[in-house]
Amino acid sequence: MNNQDNGSAKNNAQFVLSYELLALLRWLVDQHEETLKNIVGHALSAGLHEELQKIERTEDATYLHEIQHSITDFLTTLEALLIEQVSERIRQRAQYTDLAPALEKIDSTICDQAIVDVSIEEATSKLEMNPKANPKELLFKELLRRWKPADSKMKN
């Protein structure tokens, strides 16, 4: 192993792909292969071709390292967009089922967004089965079922 390999091994951090992101990537390839082909073609026309030629001609380790990290940036951005869109859909569904007023009462410093989103989904499903139920009560029950206080001072 040479020195360059030792340095990269020390800086090598793991990157974990969520199942949701993997499912999105598979779905994009399965459902939008032609769109992806068009995006690649556009990228080549808009300067990617020159960028690829530059990579073939360079031995600049910093430049190559930056290029390798771009995949992490891409996947991180893609996952953030997926999370944002899923959350937006959940909120739209909540408004449709009259949960919006109850959402305004949730303190986001105490309850994280993932718990809120799952609780909204569950409450919405229960409301669809029982439209006469109280939306606010269902949501708060779901929140309480999932909420795990992080601070021991809050357990009083």
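Model label sites at Ser18 and Lys105, defined 7 Å from Cα along the beta-carbon direction, differ in position by 2.8 nm. Under 5 Å from the amide H of Leu99 lies no amide H of any residue 5 or more positions distant or on a separate chain, with H modelled from the backbone and absent for Pro and chain starts. The phi-based Karplus calculation (6.51 cos²θ - 1.76 cosθ + 1.60; θ = phi - 60°) puts the 3J(HN,Hα) values of the stretch 130-135 at 9, x, 7, 5, 7, x Hz, whole numbers, x for Gly and Pro. Counting only residues at least eight positions apart within a chain, or on another chain, the lysines with an alpha carbon under 23 Å from that of Lys148 are Lys105, Lys126, Lys136. Residues in the stretch 39-55 carry Karplus couplings, in order, of 5, 5, x, 5, 4, 4, 5, 8, x, 5, 4, 5, 4, 5, 5, 5, 4 Hz; the curve used is 6.51 cos²θ - 1.76 cosθ + 1.60 with θ = phi - 60°, and Gly or Pro positions show x. Fully extending the segment from Val118 to Thr35, taken as 0.36 nm per residue of separation minus the present Cα-Cα distance, adds 26.7 nm.
For the stretch 47-121, applying the loop criterion from DSSP together with a ceiling of 14 other beta carbons within 10 Å to the GluC sites (Glu not before Pro) yields Glu59, Glu104.
No lab work stands behind these numbers, since they all come straight from the coordinates. Note that this is a predicted model, so its numbers are computed, not measured. Note that we place each Cβ from the backbone using ideal geometry, even for glycine, and neighbour counts take in every protein chain shown.
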